[in-house]
1. In this structure, does ARG66 turn out to be assigned to a loop (DSSP other than H, G, I, E, B) and surrounded by 10 or more Cβ atoms within 10 Å (Cβ to Cβ)?
2. Of the residues in the range 1-37, how many are part of a strand (DSSP E or B) and open to solvent by 100 Å² or more (accessible area, probe 1.4 Å)?
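The values are calculated or read from the model by the stated rules, or taken from the named source; none is laboratory data. Note that the structure is predicted; figures quoted are calculated from it, not measured. Here Cβ is always computed from backbone atoms with ideal geometry, including for glycine, and neighbour counts include all displayed protein chains. The accessibility values were calculated without ligands, DNA or RNA, using every heavy atom of the protein model including side chains. Shrake-Rupley method; radii C 1.70, N 1.55, O 1.52, S 1.80 Å.
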Amino acid sequence: MQTKVGNLDRTLVVVESQELLEGQKRGIAVALRKAKVELSQMERLVRTKRISRSSLEQRIRKTLAREHLSRSW
(Lines give C-alpha, C1' and ligand atoms only; values in the text may rest on other atoms or scores of the structure.)
Protein backbone atom coordinates (compact mmCIF):
# COMPACT_ATOMS: atom_id res chain seq x y z
CA MET A 1 0.00 0.00 0.00
CA GLN A 2 1.37 3.42 -0.92
CA THR A 3 0.57 6.39 1.32
CA LYS A 4 1.87 9.84 2.14
CA VAL A 5 3.42 10.32 5.60
CA GLY A 6 4.04 14.00 6.15
CA ASN A 7 5.72 15.13 2.94
CA LEU A 8 7.10 11.68 2.10
CA ASP A 9 5.59 8.90 0.02
CA ARG A 10 5.88 5.58 1.86
CA THR A 11 5.09 1.96 1.13
CA LEU A 12 3.29 0.19 3.96
CA VAL A 13 3.42 -3.58 4.31
CA VAL A 14 0.80 -5.22 6.49
CA VAL A 15 1.43 -8.74 7.76
CA GLU A 16 -1.18 -10.81 9.55
CA SER A 17 0.09 -13.63 11.74
CA GLN A 18 -2.18 -15.97 13.68
CA GLU A 19 0.83 -17.04 15.77
CA LEU A 20 1.60 -13.44 16.72
CA LEU A 21 -2.06 -12.80 17.53
CA GLU A 22 -2.20 -15.83 19.85
CA GLY A 23 0.98 -14.65 21.60
CA GLN A 24 -0.52 -11.20 22.10
CA LYS A 25 -3.69 -12.73 23.55
CA ARG A 26 -1.64 -14.81 25.99
CA GLY A 27 0.32 -11.71 27.04
CA ILE A 28 -2.88 -9.74 27.63
CA ALA A 29 -4.36 -12.62 29.66
CA VAL A 30 -1.25 -12.81 31.87
CA ALA A 31 -1.25 -9.04 32.47
CA LEU A 32 -4.95 -9.14 33.32
CA ARG A 33 -4.53 -12.04 35.77
CA LYS A 34 -1.66 -10.27 37.55
CA ALA A 35 -3.64 -7.03 37.78
CA LYS A 36 -6.68 -8.84 39.20
CA VAL A 37 -4.54 -10.47 41.90
CA GLU A 38 -2.97 -7.14 42.83
CA LEU A 39 -6.34 -5.37 42.90
CA SER A 40 -7.77 -8.12 45.13
CA GLN A 41 -4.85 -7.67 47.53
CA MET A 42 -5.47 -3.93 47.60
CA GLU A 43 -9.17 -4.53 48.25
CA ARG A 44 -8.27 -6.57 51.34
CA LEU A 45 -5.99 -3.78 52.56
CA VAL A 46 -8.80 -1.25 52.10
CA ARG A 47 -11.31 -3.44 53.96
CA THR A 48 -8.92 -3.82 56.91
CA LYS A 49 -7.95 -0.12 56.70
CA ARG A 50 -4.27 -0.99 56.38
CA ILE A 51 -3.46 1.32 53.45
CA SER A 52 -3.67 5.07 53.03
CA ARG A 53 -5.61 6.60 50.18
CA SER A 54 -2.47 8.04 48.58
CA SER A 55 -0.67 4.68 48.72
CA LEU A 56 -3.72 2.95 47.30
CA GLU A 57 -4.00 5.43 44.43
CA GLN A 58 -0.29 5.06 43.65
CA ARG A 59 -0.51 1.24 43.62
CA ILE A 60 -3.62 1.33 41.42
CA ARG A 61 -1.90 3.63 38.90
CA LYS A 62 1.14 1.33 38.84
CA THR A 63 -1.01 -1.79 38.41
CA LEU A 64 -3.08 -0.32 35.59
CA ALA A 65 -0.06 1.22 33.84
CA ARG A 66 0.76 -2.15 32.30
CA GLU A 67 0.47 -2.50 28.58
CA HIS A 68 -3.12 -3.27 27.52
CA LEU A 69 -4.57 -2.19 30.87
CA SER A 70 -4.05 1.56 30.80
CA ARG A 71 -6.78 2.42 28.29
CA SER A 72 -10.38 3.09 29.24
CA TRP A 73 -12.86 1.00 27.30
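1. Against the criterion (assigned to a loop (DSSP other than H, G, I, E, B) and surrounded by 10 or more Cβ atoms within 10 Å (Cβ to Cβ)), ARG66 qualifies.
2. The qualifying residues number 4.
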